[in-house]
1. Here are some residues: SER177, SER163. Which one is hydroxyl-bearing (Ser, Thr, Tyr), at pLDDT below 70 and within 30 Å of GLY273 (Cβ to Cβ)?
2. Just name the residue that is nearest to PHE359 (Cα to Cα) out of those in segment 293-330 that are polar (S, T, N, Q) and surrounded by 14 or more Cβ atoms within 10 Å (Cβ to Cβ).
3. Out of VAL275, VAL266, VAL253, report the one residue that is modelled with pLDDT of 85 or more and surrounded by fewer than 24 Cβ atoms within 10 Å (Cβ to Cβ).
4. Scan segment 270-306 for residues that are of a type in the set (S, T, N, Q) and farther than 27 Å from GLN322 by Cβ and jot them down.
5. Can you spot a residue in segment 271-290 that is in contact with a Leu (Cβ under 7 Å, 6 or more places away or on another chain), within 23 Å of ALA243 (Cα to Cα) and free of Cβ contacts under 8 Å to residues at least 40 places away in the same chain?
6. TRP312 is checked against (1) part of a helix (DSSP H, G or I); (2) in contact (Cβ under 8 Å) with a residue 60 or more places away in the chain and fails just one. What number does that condition carry?
7. Which of the following residues is under 25 Å from ILE241 (Cα atoms) and at pLDDT below 90: PHE346, PHE380?
8. Condition first: more than 18 Å from THR126 (Cα to Cα) and either surrounded by fewer than 17 Cβ atoms within 10 Å (Cβ to Cβ) or out of contact with any strand residue (DSSP E or B) (no Cβ under 9 Å at 6 or more places or on another chain) (or both). Now tell me which residues in segment 87-109 satisfy that.
Amino acid sequence: MREIFLIAANTFKIIFRKKSNIILFIIIPVTITLAMMFLFSNASSRTTKIGIYNQDQGDLGGELASNIAAIEKFKAIEVKEEEINDLVQSQKVDCVIVIPTDFSEKLYKGNSVKVNMKTIKGEDTTIWIENFTNMFIEDLMIIGKASEGNREVYWNILDGYMSGNIKLSIGKVEDVSISRQATSTSLGILIMFMMYATTITSSLIIKEKQDKTFYRVQTAPVSSKVVVFGNTLANLVIVAIQAAIVAIFINHVLNMNSGIGTLYLVIVLLFFGLVSISMGMVIIAFSQSTAQSISLATLVTTPTCMLGGCFWPVSFMPQVLQKVSDFMPQRWALKAIESLQTGSNFNGILVNLGILIAFAIMFSTIAAYKFKNNKSVGNFI
């Protein structure tokens, strides 16, 4: 155990011997993560632009469009069919609601009907629009059932509902969805930075191979496992600093409603940090040069982060890729964060943390075995 701490202390000293590494490993990842979180959270203050293509042959489609336009956060515009794809793809509107031709007819009879929504944006943008339209359509359907097909009765009830004879109490509640989605997305970016940073710091072993220091250490009563664990401990300290700064800024400086306690957030990031470090050690173990380690890190980190949900929600991907994402450690870290945001306690994420530990043990074992059996120095550039 003493040897592990000595190697960790020496590794930490070598990393931060250059003051610029403080910027590279601490300031840059934390600053970019917090900046993205701030930008994402500010999205909640803007107006959502909604295009409405009304095909309805009755009057109720117009009622829906008018009520959407009346919402303070929504800006509704009428669009033509040929404009829909261009407006959505160019993001001139956040979404387009297509009201079907039989919209009024079905509601008059008290039948269920759905509108089609076209968008390329995430649920954080469209969920409130969907909820509002679904609730309003459900109210119209209930009125249809109550009027039993009599349109005069239908409009009497609807006019009373809209004019306020039927009272609807409205109150303001805090919208936490944007800040929580911003937290999840930004932490996905931090996870990516962790993976790159731990590979770079682990690459000190390559330098030690170049100087023959690594092999001299192995001739002493110090196993390759001790070298791996010592390097891991040094990297874990760096990850802990990153996690603590981000968690404190989110919950206590920016005062964002992330839905995650500071301690729990640090714990989740530390557990993923172990996975990231051990994965970096595997990359270093199979690299014969610094350039090769950087190439392997890029080849491994970017695709796995994409599949793991760091850049976009996993639900956006095809079913096959969603199943593949369960084999990515990033996915289990983000699942733990999402569970905490939806009210789970610490016991609710134990499975996620256990799976992360299993990933870390597997990668660490592979790295230690490879270091033990690889005696070639290779070419270092």
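The values are calculated or read from the model by the stated rules, or taken from the named source; none is laboratory data. Just so it is clear, the structure is predicted and the values come from calculations on it, not from any experiment. Counting neighbours? That spans all protein chains shown, and the Cβs are built from the backbone with ideal geometry, glycine included.
1. Details: SER163 fails: within 30 Å of GLY273 (Cβ to Cβ).
Of SER177, SER163, the one residue that is hydroxyl-bearing (Ser, Thr, Tyr), at pLDDT below 70 and within 30 Å of GLY273 (Cβ to Cβ) is SER177.
2. As a first pass, look at segment 293-330 and keep what is polar (S, T, N, Q): 293, 295, 298, 301-302, 304, 315, 319, 322, 325, 330.
So of that shortlist, the ones also surrounded by 14 or more Cβ atoms within 10 Å (Cβ to Cβ) come out as 293, 301-302, 304, 322, 325, 330.
Numbers: SER293: 20, THR301: 15, THR302: 18, THR304: 14, GLN322: 19, SER325: 14, GLN330: 11 Å.
Among those that are polar (S, T, N, Q) and surrounded by 14 or more Cβ atoms within 10 Å (Cβ to Cβ), it is GLN330.
3. Values: VAL275 fails: surrounded by fewer than 24 Cβ atoms within 10 Å (Cβ to Cβ); VAL253 fails: modelled with pLDDT of 85 or more.
The conditions single out VAL266.
4. Scanning segment 270-306 gives SER287, GLN288, SER289, THR290, GLN292, SER293, SER295.
5. Looking through segment 271-290, none of the residues is in contact with a Leu (Cβ under 7 Å, 6 or more places away or on another chain), within 23 Å of ALA243 (Cα to Cα) and free of Cβ contacts under 8 Å to residues at least 40 places away in the same chain.
6. (1)
7. PHE346
8. Result: THR101, ASP102, SER104, GLU105, LYS106, LEU107, TYR108, LYS109.
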